[in-house]
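Colleague: Shown below is the structure under consideration.
The values are calculated or read from the model by the stated rules, or taken from the named source; none is laboratory data. Only a predicted model underlies this, so the values are computations on that prediction, with no experimental measurement involved. Using ideal geometry, Cβ is built from the backbone for each residue, glycine included, and neighbour counts are taken over all protein chains shown. The protein model used for the area step is the full one, side chains on, heavy atoms only, and it has no ligands, DNA or RNA in it. Shrake-Rupley method; radii C 1.70, N 1.55, O 1.52, S 1.80 Å.
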Amino acid sequence: MHPIMTVTGEAHRPGRIEVVCGSMFSGKTEELIRRMRRAQFARQRVEIFKPAIDVRYSEEDVVSHDQKHIQSTPIDSSASILLLANGIEVVGIDEAQFFDQGIVDVCNELANRGVRVIVAGLDMDFRGMPFGPMPALCAIADDVTKVHAICVRCGNLAYVSHRKVSSDKRVLLGEMQEYEPLCRECYQKELGVRSLE
């Protein structure tokens, strides 16, 4: 993105919020990493944040399922982003569904300051319900990209991250042993509900 020259001649980069959402194994984190690396190549000042609870692959790095990784700052609260993002031009946020609702105001404030904010997260939980702050983030975003995994049962585009293990906890970090991407029809069959013909 090219800076816009203001009347005073100072360079100004317009802020924006980009959301990348979808089910597990759909490439959300991979897309976040791709966009952040492009910003780095453009010599922009970047910082990536992730929830401190996400230690599946690394305590420090954001890591995609296919092992692409980029350095990040683990945080416990969305408010920390505002404190740590001073002077940053592009902010990346991974696994946004695990953050508190304050992440919405944080992203808006950053964008209003002229920061490009790139957010990745699950749009739905394992029950197919909207997940945490993601619906609100999609609503305020300048751009929303929905990415899809492939249903492991039939090969169609996946709709939901089906949990294969018995647990009612909404937040249960896991991988292919715990979750599988399913299309709507296969998910309904899994639940024992016949889809309408």
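Colleague: Grab the helices (runs of 4 or more DSSP H) fully contained in the range 66-156, keeping just those with 3 or more residues being crowded, with 23+ Cβ neighbours inside 10 Å.
Modeller: Numbers: elements: 79-84, 102-112, 134-140.
Ranges flagged: 102-112.
Colleague: Would you mind finding the one in Ile70, Ile53 that is at pLDDT below 90 and within 15 Å of Arg35 (Cα to Cα)?
Modeller: Working: Ile53 fails: within 15 Å of Arg35 (Cα to Cα).
When all the criteria are applied, what remains is Ile70.
Colleague: Separate question: Go through the range 102-120 residue by residue and tally those that are more than 13 Å from Thr29 (Cβ to Cβ) and in contact with a helix residue (DSSP H, G or I) (Cβ under 7 Å, 6 or more places away or on another chain).
Modeller: As a first pass, look at the range 102-120 and keep what is more than 13 Å from Thr29 (Cβ to Cβ): 102-117.
Narrowing further to those that are in contact with a helix residue (DSSP H, G or I) (Cβ under 7 Å, 6 or more places away or on another chain): 102-104, 106-109, 117.
Final tally of qualifying residues: 8.
Colleague: Within the range 24-46, can you find the residues that are open to solvent by less than 10 Å² (accessible area, probe 1.4 Å) and either of a type in the set (S, T, N, Q) or over 27 Å from Val152 (Cα atoms) (or both)? Give the steps one after another, and end with the answer.
Modeller: Residues of the range 24-46 that are open to solvent by less than 10 Å² (accessible area, probe 1.4 Å), as a first pass: 32-33, 36, 39.
Scanning the range 24-46 gives Met36, Ala39.
Colleague: Of everything in the range 2-23 that's modelled with pLDDT of 90 or more and either in a loop (DSSP other than H, G, I, E, B) or farther than 30 Å from Pro135 by Cβ (or both), which residue is most open to solvent (accessible area, probe 1.4 Å)?
Modeller: Taking the range 2-23 and keeping what is modelled with pLDDT of 90 or more, we get 15-23.
Those still in the list that are either in a loop (DSSP other than H, G, I, E, B) or farther than 30 Å from Pro135 by Cβ (or both) too: 15, 23.
Numbers: Gly15: 28, Ser23: 8 Å².
Among residues in the range 2-23 that are modelled with pLDDT of 90 or more and either in a loop (DSSP other than H, G, I, E, B) or farther than 30 Å from Pro135 by Cβ (or both), the one most open to solvent (accessible area, probe 1.4 Å) is Gly15.
Colleague: Could you list all residues from the range 26-43 that are over 13 Å from Asp94 (Cα atoms), among the basic types (Lys, Arg) and assigned to a helix (DSSP H, G or I)? Show your work before the answer.
Modeller: Residues of the range 26-43 over 13 Å from Asp94 (Cα atoms): 26, 37-43.
Checking the rest, the ones that are also among the basic types (Lys, Arg) come to 37-38, 43.
Listed by number, the residues that qualify are Arg37, Arg38.
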